[in-house]
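Have a look at the structure below before the remarks.
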Amino acid sequence: MQAVMYILKYLVFPGFVFSAAVGLLTTWVDRKVTARVQYRVGPPWYQPFADTVKLFGKEVIVPAGARWTGFLLMPVVGLAAATLASTILWLVNLNPATSFVGDTIVTLYIMTIPAIALIIGGSASGNPLGALGASREMKLLFAYELPLVIAVLTTIVKVGSFSFEKILVYQEYNGAMLGSVSGVIAFIVAILCAQAKLGFVPFDIAEAETEIAGGTHIEYSGAPLAIVRLNTAIMYLVMPLFIITMFWGGVTFVGWRILTSILKYVAIVVIMVLIKNTNPRVRIDHAVRFFWGPMFALSAVAMILAALGY
Amino acid sequence: MSLSLKALKKSPWVFHVNTGACNNCDIEILDCLTPRFDVERFGVVLVGSIRHADVLLISGPLTQNCLPRLRRVYDAAPKPIKVVAFGACGCRCGIFRDAYNTVGPIDKYIPVDAYIPGCPPKPETIISGIVKVLNTL
């Protein structure tokens, strides 16, 4: 029985079906806000769903030079990992008792798998631009993981525990991490790292539609492309949720706090969309220097402040 | 009509190929994405890779060097794909009809579903053409 419940949780709520629906709605918010920033009207709310359904009906092409195992399997692996991260985060937020020791670290690990899947998929596509995108994605992964982990460590040092439960309970009694100096600094670093993790401008170097024609996505068509896009949509749900859990007291579906939870989520999404819309794409060496220089320094300062109790 | 075809009508992704056009048509295509016309309202997006496309928008009179490339692009497209010949040159080679390096028009080599005439076509004409080609699905 227990196993069936877990599988249901993974596949339906709060796992795949729920995460995909909310993630796709989030990509709509992204496109709509982008359109309003540019004085356009923007697509209707069902646009991401129409895109996904359409892609599942299209022809699937495996290029002659591609290795089909890596090319077709990797989107599925990435989707499974993104769904797992989403399931863990939702379960912990809805019922902190489901937390286990070190689940922050597990989640951090799982959240890198979609990027690694894209790297392997892009390299397996047999397209030079795909390989270029994959190599850039890899460099970007090395660049943003360091400050992101240290930003997360800030909260862990402050709370003194590796489990989401302790972090949520601590923030319940002592106020959100955002109320402290170290929390604010780590929050800013985490938002910028999320920007790179989701492949948004200014760090969309690996996908760069106008420069390398989609990079790692270039050879995907039909159903695999739909899965890659679902993957991004779910990560779009996971990253803000992770940041809220770590720095802003988590989300809950109980009573009036459901409203503040949704507001927190939408606020973080809108911040990310605004960063996306007001910046040009940077070069990969700029991105690496940015993350290993100023961002690393900022997050290190945040961690030292947290250790000193600020 | 199947569900995925219905969805295709709501989200046609366009890939644009220039086969030797003078760039005027290409500027008009970008006009459709500006606030005044905003074709993203109807789900139309310009994509960077032919593998993502549902509509192949071809401008230009088709020069000798472009012909093999155009054939490859058409073969690389995931079906179902709709082909739209764009501008006076795309439809009937325009003023380049008698040029030594023009081998067009496009519909001599690949099946074309719609023609959007004009030099260059107005954005209104482009939107009307896209609607008509989607109605042939």
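The figures follow:
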quantity	calculated
Förster-model FRET efficiency, 35 Å R0, A:Arg67 and A:Tyr6, C-beta, rounded to 0.05	0.60
Helix-derived mean residue ellipticity, 222 nm - over the protein assembly as shown, DSSP H n ≥ 4, -39500 (n - 2.57), to 500	-19500 deg cm²/dmol
Cut-off 14 Å between beta-carbons: net charge of the residues surrounding A:Val33, Lys and Arg +1, Asp and Glu -1	+3
For chain A, built as a Gaussian network whose Cα springs stay under 10 Å, the top-fluctuating residue of A:Ala223, A:Ala82, A:Ala206	A:Ala223
On Cα atoms only, tilt of A:164-174 relative to the major axis of chain A in degrees	50 degrees
Inter-part distance where the stretch A:198-227 and the stretch A:34-72 are each reduced to a Cα centre, Å	10 Å
Sites A:Arg36 and A:Phe56, calculated FRET efficiency, Cβ-Cβ separation with R0 22 Å, nearest 0.05	0.15
DSSP beta bridges in the stretch B:3-135 [antiparallel fraction, %, rounded to 5]	5 percent
Semi-axis lengths (Å, descending) of the ellipsoid that matches the C-alpha gyration tensor of chain A	30, 23, 19
Cα gyration tensor shape of the stretch B:38-135, rounded if a/c is under 1.5, else prolate or oblate by comparing a/b with b/c	oblate
Added length on full extension, which subtracts the Cα-Cα distance from 0.36 nm per residue, A:Arg289 to A:Ile258	7.2 nm
Label-zone membership for the stretch B:1-28, site A:Tyr46, 7 angstrom Cα→C-beta point, backbone N under 19 Å	B:1-13
Longest segment of chain B lacking trypsin sites (Lys or Arg not before Pro) that sit in a DSSP loop with at most 14 other Cβ atoms within 10 Å	B:37-96
Net charge of Cβ neighbours under 13 Å - reference B:Leu62; Lys, Arg +1; Asp, Glu -1	+4
Tilt relative to chain A, helix A:68-94 - C-alpha long axis, 0 to 90 degrees, to 10	20 degrees
Formal net charge of residues neighbouring A:Ile167 (Cβ-Cβ distance under 13 Å; K, R +1; D, E -1)	-1
Of A:Val33, A:Val41, A:Val269, the one that fluctuates the most in a GNM where chain A has Cα springs shorter than 10 Å	A:Val41
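No value in this document is a laboratory result; all are computed from the given coordinates. As the structure is a prediction and not an experimental result, all values here were calculated from the model. A quick note on method: Cβ atoms are made from the backbone with ideal geometry, for glycine too, and the neighbour counts reach across all protein chains shown.
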